[in-house]
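Have a look at the structure below, then the notes.
What follows draws every value from the coordinates through simple rules; no lab data is involved. A quick note: this is a predicted structure, and the numbers were derived from the prediction, not measured. When we count neighbours, we look across all protein chains shown, and the Cβ atoms used for this are built from the backbone with ideal geometry, even at glycine.
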Amino acid sequence: MPMLFGDLFIHLTWANALALVLLGLVGGVISGFAGSGAAFIMTPGMMNLRVPGVVAVGSNMAHRFGNNMMGAKRHAGLGNVDKRLSILLLVTALIGVQIAVWINSALFKMGGGEGHEGGGGAMSNLYISLIFIGVLTFVGAFMLRDAVRPRDSKEGSGPSMKLANMLSRLPLPPTIHFPVADVRISLWLVLLLGLVVGFLDGTVAIGGFLGVPAMIYLFGVPTTVATGSELFMAMFGGAWGAISYAYQGFVDLRLSCLLLLGSLMGVYIGAYGTKVVKEVLVRLVASSIILLCVVSRAVAVPVYLRQLHLLHFSEGWEPWLKGASTAILFAAGVGGAGLVLFYVVKATLERRKVHATLLVRKPAADGRVS
Amino acid sequence: MPIVFVSGVPFGGGERLAKELARKLGYAFLDREEVVARANESGIPVGKLEVALVKKPAVQERMVRLRDRYLAVATATICEKAAAGNLVYYGRAGHHLLPGVGHVLRVRVVPEPARRLETVMERLRLPREKAEKFIRDVDEDIRAWVRFVHDVDMEDLQKYDLVVNLEKLSLENAAAALCTIAELPDFRPTPASQAAMQERLLRARARIKLALDERTADADLTVRSNEGVLTITYVPRQAQLAPVIPEVLGDLPGCREIRCTMASTNILWIQEAFRPDSGTYREVNELARRWGAAVELLQYRAGGEGGEVVPVEVAPAAALKAGTGGVEDDLPETAAGTADRSFEQTLEALVQEGRSGGGHMVAGGRERLVGAISRSVPYSLVVVGDLFLDKSPAARTRMTRELAMFLADHVKAPVLSTADLPSKLHLGKGEALKAAAAGILVVLIYGAIFFRQEGLLSVLGGEAHKAAPWLASLLVALLAPVVSLLYGNLLASAMKWLKMD
């Protein structure tokens, strides 16, 4: 398929435009369901549609820019934003974003490959894929372990707090109290997290995906405050990233707009899904999708290695590997989104059938309900 | 005679004063240690919870669940002991466990600092500096605990009836003075306050039973009661609990009826007089149907203008009509007069619709109203209906608006007046026009993007970009949020029009 403007932008057909809307829809459903960004499926999804990795990241950041703004406004209205935490995170996040943009742009300009998937940016694609695999393997495995591990019934079903407790004992002054989150955290840990989140956001557009669980698991921030504060930070960090990538010429607004068409609608459906599905199942589905996305990216890595002449195998394998990568990714996305839709439809039908209030008279002495 | 709650700090003389008072009055004595022991027997690791609160960086959901259970055990222990006779309780602001109960005397003991320091140095064999640090730390921990458990500042003296400063007053004389005050008619039990205590006991027992049964131990349930009718609300993902809850609560003393309501969320409807055939009822019910919400009724009778708390005389006949909210919420004086038939009819209508979240009443100032709203129930909306019915229409409108604004500042949920409710339900003309305009703009923007691809891509990464890269940044900075905003508003309006919001 011919590329436009020096292998930067894909030629848009009805088929790939529809695929992008569907990708947005799937991403939106999963995003609304898992309560985190869905760049983990959108970025590789776009790469599977032959969008260069760096353009996929830039366009995804532009797509999320407006969403973050609206989400942050909603959360701020509900009192879920700890502005002190967000601003401190943002200080280093902006630095992280800028470092990531610089590295991604430099690697893309180094080129590599012969105009296959992702154009000539095989080096950049490989770099993005490796970061993606490294981070999301860790996050996905952690979430999966937390979802399936047997729990003491007294503990309830909340997220594990072992890491947060461990970090809170580290003697790293100065510590700062964050009033909305009601936590006391070392300033250095906050700045470090901001840097990492910014870097990951700028590299793969998955900063929020790491930032929210990190705040919950590492700092012990309540889930709603973690989401609200991250969105508030991402509103500025994401905007900065999108503008920086646009300056470098790596944002395809057509893709951003097509993703948006599906994702906003998907978020509504996904958010509804969380109300009717058990929390453990939410975590299980989200972590499974993430790990499948990792597998999908891992399958594509040999292609980039071959394009960079770092690995040698028959060229005939390339279409198979790329096809397998795409198939796994879309199976994960469509399967996950389908599962959410299944539960939503099931719950809606049940709600129609069931008379929700059970009026039960006081049971008889033998325990039977009269 | 009242239940006397004495609040103090360790080594401050409060416990000795409470014991002396109990001896003089001939009342039973109960202290926090006994409550903690019972909580531990019920599987609540109170010590660990306290340590966790001090050491851990944040209040976690798990801790909140344990806190609610601890509150239930503490409430049940105190109510059971008080029901058997008179009681003096010594602890940390324990009166907040029974805020809806009128026959409570709330006493704060302020220690004499030098004497307290000496006591700590002597009993714990600590040097002066360490003893001072110990006192500072323990006081801070207790304040944190009270804030966590009751969501109040223990040092707020407005929360007490009496403050006893032991700097000059001896323990014996302080106890003698308290004896006199305890016998004043202001603190005598009334049928209403006794009924309120029974409701609290019922809810506490229900909460404990639900917590101890492994089938319901981890469920997110809200517990409400009114005149012996327990309303348990569970979320749709725990739909399998519907038949289990009555089994668990089957033999609960004092329980006339158990109602289980499935709800994704809760709508709180505050009004002075409810009617099931009113327009507001239909609108609230319609909203609840769309959201899968339970509707909780709060009958509010303002006791004073501008937030003044005006005590309300409770008629004995109203005693059995009094009702309050959940166990975890500490409600203030509840008996607001007689529960009129229309309130019950409205509640009954909600039960029949499958959307009852229970109902209760409160009278007094705005602070009391806020205190009556449970902080552990996740409300999606608070609807403020017709209030201040004895005022002129203009004053009523102003006062209702002011109350709604006050609530918006104090409740973590959007607050709407009934006048604004239709806009939440229906797509009004103005909104439809805005949505249409947004739709047209979205189509124009998408059209421009997709029918002028070459030009756009040139700006984003082609020849034009080489000449002026900042133009691409500007385009993204403007277009990305604008498209999101327009398309987001269009979708929201469409969902509302389809009644799927």
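A few notes on this one:
- Listed from fewest to most Cβ neighbours within 10 Å, the set A:Arg145, B:Arg366 follows the order A:Arg145, B:Arg366.
- Ranking of B:Met121, A:Met69, A:Met235 by count of other Cβ atoms within 10 Å, fewest first: B:Met121, A:Met69, A:Met235
- Computed lengthening from B:Glu41 to B:Arg396, 0.36 nm per intervening residue step minus Cα-Cα distance: 122.6 nm
- Once C-alpha pairs closer than 8 Å and six or more residues apart are averaged by separation and normalised to the residue number of chain B, the relative contact order reads 14 percent.
- Other-chain or far-sequence residues with amide H under 5 Å of B:Val164's (modelled H): B:Arg108, B:Val109, B:Val110
- For the range B:30-179, fraction of C-alpha pairs farther apart than 23 Å, in %: 46 percent
- Ratio Rg/Rh [Cα only; Rh per Kirkwood] for the range B:170-243: 1.27
- Förster radius 35 Å - calculated FRET efficiency between A:His309 and A:Ile95, Cβ distance, rounded to 0.05: 0.55
- Residue-wise HN-Hα couplings along the range B:201-215, as the Karplus relation 6.51 cos²θ - 1.76 cosθ + 1.60 with θ = phi - 60° gives them from phi, are 5, 4, 5, 5, 5, 4, 4, 5, 4, 5, 6, 7, 7, 5, 6 Hz; Gly and Pro carry x.
- Exceedance of the 28 Å cut-off in Cα-Cα distance is limited, within the set A:Lys73/B:Lys434; A:Lys322/A:Lys346; B:Lys24/B:Lys159; A:Lys322/B:Lys466; B:Lys391/B:Lys496, to A:Lys322/A:Lys346; A:Lys322/B:Lys466; B:Lys391/B:Lys496.
- Checking every one of the trypsin sites (Lys or Arg not before Pro) in the range B:141-183 against DSSP loop status and a limit of 11 other Cβ atoms within 10 Å picks out B:Lys168.
- For the range B:348-390, the fraction of alpha-carbon pairs in successive 10 Å shells from zero, as %: 19, 50, 29, 2
- Helix-only CD estimate at 222 nm, as mean residue ellipticity for chain B, using -39500 (n - 2.57) per DSSP H run (n ≥ 4): -16000 deg cm²/dmol
- The GluC sites (Glu not before Pro) of the range B:125-188 meeting both criteria, a DSSP state outside H, G, I, E and B (loop) and at most 15 other C-beta atoms within 10 angstrom of the site's C-beta, are B:Glu155, B:Glu167, B:Glu183.
- Shielding value for A:247-259 is 6, the average number of Cβ atoms from other chains within 10 Å of each residue's Cβ.
- Gyration tensor verdict on the range B:455-501 (Cα atoms; rounded if a/c is under 1.5, prolate if a/b is larger than b/c, oblate otherwise): prolate
- Over all pairs of different C-alpha atoms, the range B:400-485 has a mean inverse distance whose reciprocal, the Kirkwood radius, equals 16.7 Å.
- Exposure proxy order (Cβ contacts within 10 Å, fewest to most) of B:Cys260, B:Cys179: B:Cys179, B:Cys260
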